[in-house]
1. Filter 55/116; 24/115; 19/66; 17/82 down to the pairs with a C-alpha to C-alpha distance above 19 Å, please.
2. Based on the Cβ-Cβ distance from residue 63 to residue 98, what FRET efficiency comes out when R0 is 25 Å, to the nearest 0.05?
3. How much accessible area per residue does segment 11-90 have, counting only protein heavy atoms and a probe of 1.4 Å, in square angstrom?
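The values are calculated or read from the model by the stated rules, or taken from the named source; none is laboratory data. Note that the structure is predicted; figures quoted are calculated from it, not measured. Reconstructed Cβ throughout: ideal geometry from the backbone, glycine too, with neighbour counts over all protein chains shown. Protein only, heavy atoms only, side chains kept; ligands, DNA and RNA dropped before computing areas. Shrake-Rupley method; radii C 1.70, N 1.55, O 1.52, S 1.80 Å.
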Amino acid sequence: MKERKTISLSSVYSNLKMKAEGVKSKHKSENSIQFSYTGKPKIDLGDLDDFYDNKGYVNGNKVTVKASILLKKLRENNPDYKFTGSGNHTYTVSGLVDKSADYSKLVNYVDSEKKKEEDSKIVY
């Protein structure tokens, strides 16, 4: 049996990127948080986004990824690897559009969401 490669949680955190999209609002449906892993080897974060999404964010909010949650998702979705480590990591929300400040950015965001929805309906 081949031994699984060990990946430290600190290595995962150093390659874990958070992106906030949508409108700056405490309303849960107007913005979202997505996580992506940019390191090698490619690992699957599972539904990590779901745990932090739909909370209602404004720029400057802090989002803390808890080690226990991240380790659980990594272990569930990457059986070929062994994950070790501890410690939480905090990200700062930025990039949300201020709907009262720049109407054109809001329109662009809505248009891009409509396009995503339309593209997802295309069957090849």
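1. Checking Cα-Cα distances, 55/116; 24/115; 17/82 exceed 19 Å.
2. Taking R0 as 25 Å, the efficiency between residue 63 and residue 98 is 0.85.
3. Averaged over the residues of segment 11-90, the accessible area is 55 Å².
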